[in-house]
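Structure record follows, encoded as structure tokens.
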Amino acid sequence: MTAFRHITLVTGGARSGKSALAERLVARHDLPRIYIATAQGGDDEMKERIKQHQLRRGETWNLIEEPIALAGALRKTDGQGVRLVDCLTLWLANCLDSADMQELIITLRQQASPVVLVTNELGQGIVPANVTARRFRDLHGWMNQAVAEVADEVWMAVSGQPLMLKPGREDIDENL
């Protein structure tokens with residue numbers, strides 16, 4: 001696959017295989033690989049998760065750690081290769097109400113080089129018991145919908161298996 005604007009969103013539940021799927025989708029592009037990490041190693045367990053991701057990827061990736069200014073990192077790296085953002089859920093948690101989703105969407109639409117974004121699917125669980133958790137779940141769902149709308153492809157990982165959601169689905173608006 002050659003260099004051109006191509007936005008891919010990969011979603012799924014916890015431990016569904018979404019990061020591994022995203023890495024496989026990045027490999028379709030014959031371009032340098034840039035990993036934009038939004039995770040912060042705040043405790044030993046998270047540091048171990050980050051280490052395991054790094055070991056799986058190997059040393060062929062250029063790593064950019066950016067927990068907050070995601071749109072800026074995308075603009076800065078555009079034209080340098082295919083970017084993998086892992087993950088939007090952690091970015092939103094890092095920013096909370098200061099997350100500028102509109103800036104993210106505008107930036108994605110302006111990209112010349114491919115971007116693969118990983119996010120969690122939170123909307124299939126129970127309704128959270130507190131207002132802060134419900135607010136986060138709602139913001140997260142709206143973010144996922146907005147990114148999926150601008151994406152050329154949307155994939156879901158379920159039990160380690162890839163499921164393509166977009167394109168390839170019927171346009172429901174034509175049948176209404």
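The values are calculated or read from the model by the stated rules, or taken from the named source; none is laboratory data. Since we're looking at a predicted model, the values are computed, not measured. Cβ atoms come from the backbone with ideal geometry, glycine included; neighbour counts cover every protein chain shown.
Is it the case that residue 49 is under 14 Å from the mean Cα position of the chain (by Cα) and within 16 Å of residue 19 (Cα to Cα)? Against the criterion (under 14 Å from the mean Cα position of the chain (by Cα) and within 16 Å of residue 19 (Cα to Cα)), residue 49 does not qualify.
Going through region 114-158 one residue at a time, which ones are over 15 Å from the mean Cα position of the chain (by Cα) and under 26 Å from residue 82 (Cα atoms)? Answer for region 114-158, where residues must be over 15 Å from the mean Cα position of the chain (by Cα) and under 26 Å from residue 82 (Cα atoms): just 158.
If the condition is being in a helix (DSSP H, G or I) and in contact (Cβ under 8 Å) with a residue 60 or more places away in the chain, then region 101-118 contributes only 108.
Evaluate the following for residue 129: is it loosely packed, with under 12 Cβ neighbours inside 10 Å and farther than 28 Å from residue 46 by Cβ? No, not satisfied. Could you list all residues from region 132-159 that are of a type in the set (S, T, N, Q) and buried (at least 16 other Cβ atoms within 10 Å of the Cβ)? Within region 132-159, 144 is the sole residue that qualifies. Within the bounds of region 44-63, is there any residue that is under 17 Å from residue 8 (Cβ atoms), surrounded by 12 or more Cβ atoms within 10 Å (Cβ to Cβ), in contact with a Gly (Cβ under 8 Å, 6 or more places away or on another chain) and of a type outside the set (D, E, K, R)? No, region 44-63 has no match at all.
Scan region 79-100 for residues that are crowded, with 17+ Cβ neighbours inside 10 Å and not in a helix (DSSP H, G or I) and the total you get is 8. In this structure, does residue 120 turn out to be in contact with an Asp or Glu (Cβ under 8 Å, 6 or more places away or on another chain), surrounded by 15 or more Cβ atoms within 10 Å (Cβ to Cβ) and either more than 30 Å from residue 30 (Cβ to Cβ) or at pLDDT 95 or above (or both)? Criteria not met by residue 120.
Is it the case that residue 109 is surrounded by fewer than 18 Cβ atoms within 10 Å (Cβ to Cβ), of a type outside the set (A, V, I, L, M, F, W, C), on the phi < 0 side of the Ramachandran plot and at pLDDT 95 or above? It is true that residue 109 is surrounded by fewer than 18 Cβ atoms within 10 Å (Cβ to Cβ), of a type outside the set (A, V, I, L, M, F, W, C), on the phi < 0 side of the Ramachandran plot and at pLDDT 95 or above.
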